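Here, each number is a calculation from the coordinates, and none is a lab measurement. These numbers were taken from a predicted model, which means no experiment stands behind them. Cβ placement follows ideal geometry from the backbone for every residue including glycine, while neighbour counts extend to all protein chains displayed.
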Amino acid sequence: MVETYPSVCLASDSTCQTYSKEAAPQAGWGQFISQYFTDTISFFNHSIGGRSSKTFVEEGRLDAIVDEIKEGDYLLIQMGHNDSTLSKPERYTDPFTAYKKYLRMYVDGAREKQAIPILMTPVGRLHYENGEFINDFPDYCEAMKQVAEEEEVLLIDLMSLSLAYYESIGYGEAKTLFMVSFNGTDHTHFTEKGADAIACLVSQAVKRLELNLSFK
């Protein structure tokens, strides 16, 4: 009997997506995550910039994942950055109504295929005020935690983990994780160094969940 191994699908935005070499040093954590797992685990990064939980679904991207995902696989869902963009109504979702509704679509889609969904709160931006790193998406984090509890879904609080990490290394070092260190303006997107650091955080959090995944 041939042993089969689970795959991991990623559904997220520009903070996670895989970038071309031409985009360097900009990178997403999804392009580094596989290096923390053994080669038996396959990763499929469906993340793409500018998408909210809503537009990712409306464009058929969730359907594409559900078509390929299989029993025992995992779906990591990190949405929220673009859901909060009030100035772009095509993206925007109210955190406690539409956002929760769309998150449940991801959960239900995975479970329909006997795959395991894992919700992930949005990763922290480089927002530093009065000696403190700021959560720019508190309502979305809270709404996601509510869905996780209501639907009994595994949750990784990446916002808290990332802000704690930035705090541990200090603002000067944290700045090098973000593209602002290259272009002076971008406090959201990661450098390759930053994307790798977040991928390491995610892998450690996944490991603590004690799933059917093997790590290096």
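Table for the structure above
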read-out	value
Matching option when the condition is under 19 Å from S52 (Cβ atoms) and either in contact (Cβ under 8 Å) with a residue 12 or more places away in the chain or not polar (S, T, N, Q) (or both), among D157, D108	D108
Matching option when the condition is more than 16 Å from the chain's Cα centre (by Cα), free of Cβ contacts under 8 Å to residues at least 40 places away in the same chain and under 20 Å from F190 (Cβ atoms), among A64, A23	A23
Selection within the range 161-191 - touching a helix residue (DSSP H, G or I) at 6+ places or on another chain (Cβ under 8 Å) and polar (S, T, N, Q)	S162, T176, S181, T191
Contacts under 8 angstrom Cβ, first residue in the range 128-149 being touching a residue at least 60 places away in the same chain (Cβ under 8 Å), partner surrounded by 14 or more Cβ atoms within 10 Å (Cβ to Cβ) and among the aromatic types (F, W, Y), 6 or more apart	Y140/Y99; M144/Y99
Yes/no for S42 being free of Cβ contacts under 8 Å to residues at least 24 places away in the same chain, over 26 Å from C141 (Cα atoms) and of a type in the set (S, T, Y)	no
Candidate set: the range 37-64, residues that are of a type outside the set (A, V, I, L, M, F, W, C) and buried (at least 18 other Cβ atoms within 10 Å of the Cβ); chosen: the one nearest to K207 (Cα to Cα)	N45
Search result, residues across the range 129-145 that are more than 14 Å from the chain's Cα centre (by Cα) and farther than 16 Å from F190 by Cβ	E129, N130, G131, E132, I134, N135, P138, D139, E142, A143, K145
Residues of the range 54-88 classified as of a type in the set (S, T, Y), under 21 Å from Q114 (Cα atoms) and not in a strand (DSSP E or B), total	0
Those residues of the range 179-196 which are surrounded by fewer than 22 Cβ atoms within 10 Å (Cβ to Cβ) and among the hydrophobic types (A, V, I, L, M, F, W, C), in sequence order	M179, V180, F182
Number of the condition not met by K101 [criteria: (1) assigned to a loop (DSSP other than H, G, I, E, B); (2) basic (K, R); (3) free of Cβ contacts under 8 Å to residues at least 40 places away in the same chain]	(1)
Count of residues meeting criterion [within 20 Å of L209 (Cβ to Cβ) and among the aliphatic types (A, V, I, L, M)] in the range 66-109	7
Single residue of the range 163-214 satisfying the filter (more than 19 Å from the chain's Cα centre (by Cα), touching a residue at least 40 places away in the same chain (Cβ under 8 Å) and not in a loop (DSSP other than H, G, I, E, B)) that is farthest from A23 (Cα to Cα)	Y171
